[in-house]
Amino acid sequence: MKTAAVKVDFSQVPAGSRLAARRAAFLSAARTVFQEKGFAEATLDDVIALSGGSRQTLYLLFGGKKGLLEALITETAETIFRGLTPEKLAPQPPEQVLTEFGVRYLEIVTSPAALSINRLIIAEAARLPDIAERYWQLGPGRSRDFLTDFFDRQIERGRLQMPDSRRAADHFLEMLSGTLRFQCLIGVRTSPDKSEIEEIAVAAVAQFFVGCARR
């Protein structure tokens, strides 16, 4: 009989608990298995065999294979946004906020873990469009929504000017990572180090403000 796919609310699980450790082991195993076999060909048995956990616990934590992939995407995205909300950041100088966000964003999207997920989604998108849509919502789409909200608040405060805040969010993200991320994805260069990331973020913010700073 098939196990019911009912997930536990992980926000209620203590960080140092045995269940948290088991969750981390499942995610590590899933990342490896998905990268080696692709999402469609990977099985829960593969993940369980590598992690050493049980099927019952896996279903409890993730609900199934799609839940594992969503958790991987969400954890990657959360690193960018941890502690950042448009409401909290609105009073701060926009140059400072965008530089901090830019550094975090580049550190994540060019990391080996994020690149492997990105390659996986691209490979599976045609066969599994719902997975691609979910990836967009949890990752790239969330970054654009965050910046759009932040830009709107800065426009209201008279700090920035732009005809379309959503398009400006797209432009800023592309200025940050367009060529660099693509090069990392196809393997023609390695992920940048901290100093290069900071240099790129500062330059992107400076260029962005040439066109969008309120005069």
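The values are calculated or read from the model by the stated rules, or taken from the named source; none is laboratory data. Predicted, not measured: the structure shown is a model, and the values here were computed from it. Heads up, the Cβs are rebuilt from the backbone with ideal geometry, glycines too, and the neighbour counts pull from every protein chain shown. Accessible surface areas use protein heavy atoms only, side chains included; no ligands, DNA or RNA. Shrake-Rupley method; radii C 1.70, N 1.55, O 1.52, S 1.80 Å.
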Could you tell me whether segment 142-156 includes any residue that is touching a residue at least 60 places away in the same chain (Cβ under 8 Å), surrounded by 12 or more Cβ atoms within 10 Å (Cβ to Cβ) and more than 21 Å from THR85 (Cα to Cα)? no
Test SER11 against the stated conditions and say whether it is open to solvent by 70 Å² or more (accessible area, probe 1.4 Å) and at pLDDT below 90. yes
Candidate set from segment 82-116 (those that are open to solvent by less than 10 Å² (accessible area, probe 1.4 Å) and at pLDDT below 90); member that is farthest from GLN35 (Cα to Cα): ALA90
Restricting attention to segment 173-209, which residues are of a type outside the set (S, T, N, Q), assigned to a loop (DSSP other than H, G, I, E, B) and open to solvent by 30 Å² or more (accessible area, probe 1.4 Å)? ILE186, GLY187, VAL188, ARG189, ASP193
Given ALA169, ALA132, ALA126, which one is in a helix (DSSP H, G or I), more than 30 Å from ALA90 (Cβ to Cβ) and small (Gly, Ala, Ser)? ALA132
So if I check each of LEU68, LEU27, which one is out of contact with any Cys (no Cβ under 8 Å at 6 or more places or on another chain), surrounded by 15 or more Cβ atoms within 10 Å (Cβ to Cβ), closer than 30 Å to SER195 by Cβ and not small (Gly, Ala, Ser)? LEU27
Which residue pairs have Cβ atoms closer than 9 Å, lie 6 or more positions apart in sequence or on different chains, and pair a first residue in segment 108-131 that is under 20 Å from ALA40 (Cβ atoms) with a second residue that is modelled with pLDDT under 90 and among the polar types (S, T, N, Q)? SER116/GLN35; ILE117/GLN35; ILE117/THR76; ARG119/GLN35; LEU120/GLN35
Within segment 122-167, track down each residue that is at pLDDT 95 or above and small (Gly, Ala, Ser). SER165
Considering segment 39-63 alone, what residues qualify as being surrounded by 15 or more Cβ atoms within 10 Å (Cβ to Cβ), closer than 25 Å to LEU115 by Cα and not aromatic (Phe, Trp, Tyr)? ALA42, LEU44, ASP46, VAL47, ILE48, LEU50, SER51, LEU58, LEU61, GLY63
With buried (at least 19 other Cβ atoms within 10 Å of the Cβ) and over 16 Å from the mean Cα position of the chain (by Cα) as the only criterion, which of LEU128, LEU160 stands out? LEU160
Taking first residues from segment 73-94 that are farther than 24 Å from ALA24 by Cα and second residues anywhere that are modelled with pLDDT of 80 or more, the pairs with Cβ under 6 Å that are 6 or more apart or on different chains are PRO86/ASP149; PRO86/PHE150; PRO86/ARG153; LEU89/VAL97; ALA90/ARG153; PRO94/GLN154; PRO94/ARG159
